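To keep things clear, I will list the structure first and then write my remarks on it.
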Amino acid sequence: MAAGIPQALKIVHGELRQRPLILRAFALLALSIACFYIGKRWATTNEELIVYSSSAPPSSSKSFSSSASSVSASFQEEPHVTLVTNYHDESLAQGNSRHVTVSPTGILQDDGSIITKEFPMDEEVSAEDDSVNQNSSRSGWSERDGTSGGFKKIDKFKVCPSNLTEYIPCLDNTEAIKMLPSVAKGEKWERHCPQGEDAHMKCLIPPPAGYQYPIRWPRSRDEVWYSNVPHTRLVEDKGGQNWIAIKGNKFIFPGGGTQFAHGADEYLDEMERMVPEISFGHRTRVALDIGCGVASWGAYLMSRNVIPLSIAPKDVHENQIQFALERGVPAMVAVLATHRLLYPSQAFDIIHCSRCRIEWTRDGGILLTEVDRILRSGGYFAWAAQPVYKHEGHLPEEWQGE
């Protein structure tokens, strides 16, 4: 019979060649459908199923044409994973559909049990309550009390007073700042995190009154809501330098600065004309702006395919970093003083400091050593300063030879 099959196919093939094109197409379609159903039927008779259960699998009336293997995990309630081959269910053979119940996921506990219910806050759970293992419902998020074996209440966090809208625990720790032996090198702007009982906040920092959803980038580069950063000190001090202005219910950023009165874009172009190897967006991809102000330098770098990071202290200019964040520019409150910056070595392609009042030569140039640490090999340190500072404090030695 096997030898007759090729001969029959040759006859069919010869007859099809003599038929019209439409008949040949119908014949091929019918042959394809027949092959599809034969393959489907063959596949459904040789299934492999993986069955999960939270206890040992019970006995079943279903028949199996080969043996099954089981694997158990090392939890308190050992879930079983059973691989079943050549599975045959009589109900499926009779054409009856099966209903599959999907259980929701939950919270996995240390002992392997799972909490499957949703628990709102603020209700205490007694030590005698063993409902966790039984997956019964209760209200109140709770954490396990290791001493009693039960659970203890976790209260809601309350909102902090409105005068703490911009409170930063490690920077506004006035008690620790008062105990500093000296603040001559900017120590008070560094991090002094609370210790002991005051180490953790017990309330949630509130947003400013009237806070609105931030304007999205790229519009945020040029304007932000006044109510989101309600500080006017920079407008008063730097308004004449084209930094920032108030227009209606918004702050607007013309793009200028003390060193770039004609705009940050022109300033960046001038840097590339002076040192073509900088090549923003190609050779220079990651930049650090020290003493960033309102972060216009970093904001305009983003359109040149450069990732900027702007840093500044939380000083008399209030929270200028918040202006950078509202504009959509990556920023951190940080200062070059007596500790290393929180960045790895060789992290930046260029480090920029425009008219920043940093005494680079103090302590044998230790601050320049820190800049060298985080600047990659072959990177650039761009320091723009005005001669107006040359007679202030210790700065004359930085200007020797000018």
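Where a number appears in this text, it was derived from the coordinates with a stated rule and is not lab data. What you see is a predicted model, and the numbers here were worked out from it, not measured in a lab. In this analysis, Cβ positions are derived from the backbone assuming ideal geometry, glycine residues included, and neighbour counts consider all displayed protein chains.
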Practice prompt. List the residues whose amide H sits under 5 Å from the amide H of residue 309, counting only those 5 or more places along or on another chain, with H placed 1.01 Å from N in the peptide plane.
Written response: 287, 288, 289
Practice prompt. Indicate the gyration tensor shape class of region 222-335 (rounded, prolate or oblate), computed on the Cα atoms with a ≥ b ≥ c the square roots of the eigenvalues: a/c under 1.5 is rounded; otherwise a/b larger than b/c is prolate and the rest oblate.
Written response: prolate
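For region 158-204, calculate the relative contact order in percent as a whole number, restricting contacts to Cα pairs under 8 Å that are 6 or more residues apart.
Computed over region 158-204, the figure is 52 percent.
Given Cβ point charges of +1 (Lys, Arg) and -1 (Asp, Glu) and nothing else, what value in debye, to the nearest 20, does the dipole of region 158-204 about its Cα centre take? Don't skip to the answer; put the middle values down first.
On the way: 6 positive and 7 negative charges, 7 e Å.
About 40 debye.
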Response to the item:
Residue by residue through region 210-218, the couplings from Karplus 6.51 cos²θ - 1.76 cosθ + 1.60 with θ = phi - 60°, in Hz, x for Gly and Pro, are x, 4, 10, 4, x, 5, 7, 5, x
Discussion item. Eigenvalues of the Cα gyration tensor times 5, then square-rooted: what semi-axes does that give for region 263-399, in whole angstrom, largest first?
Written reply: 22, 18, 16
Worksheet item: Taking neighbour counts of Cβ atoms within 10 Å as a proxy for exposure, in what order, fewest first, do 329, 316 appear?
Response: 316, 329
Worksheet item: Applying the Karplus parametrisation 6.51 cos²θ - 1.76 cosθ + 1.60 with θ = phi - 60° to the phi angles of region 350-367, what ³J(HN,Hα) value in whole Hz is obtained for each residue in order, glycine and proline being reported as x?
Response: 8, 10, 10, 9, 9, 6, 7, 8, 10, 7, 4, 8, 5, 6, x, x, 5, 5
Worksheet entry | residue 381 long-range amide H proximity, modeled H, under 5 Å | 351
Worksheet item: Of 178/247; 202/247; 178/202; 250/314, which ones are farther than 30 Å apart at the Cα?
Response: 178/247; 202/247
Worksheet item: Taking amide H positions as placed 1.01 Å from N in the peptide plane, with prolines and chain starts having none, which residues 5 or more places from residue 215, or on another chain, fall under 5 Å of its amide H?
Response: 225
Worksheet item: Measuring from label point to label point, each 7 Å out along Cα→Cβ, what is the residue 24 to residue 235 span in nm?
Response: 8.3
Worksheet item: What number, in percent, do you get for the relative contact order of region 187-243 if the mean sequence gap of Cα pairs under 8 Å and at least 6 apart is divided by its residue count?
Response: 24
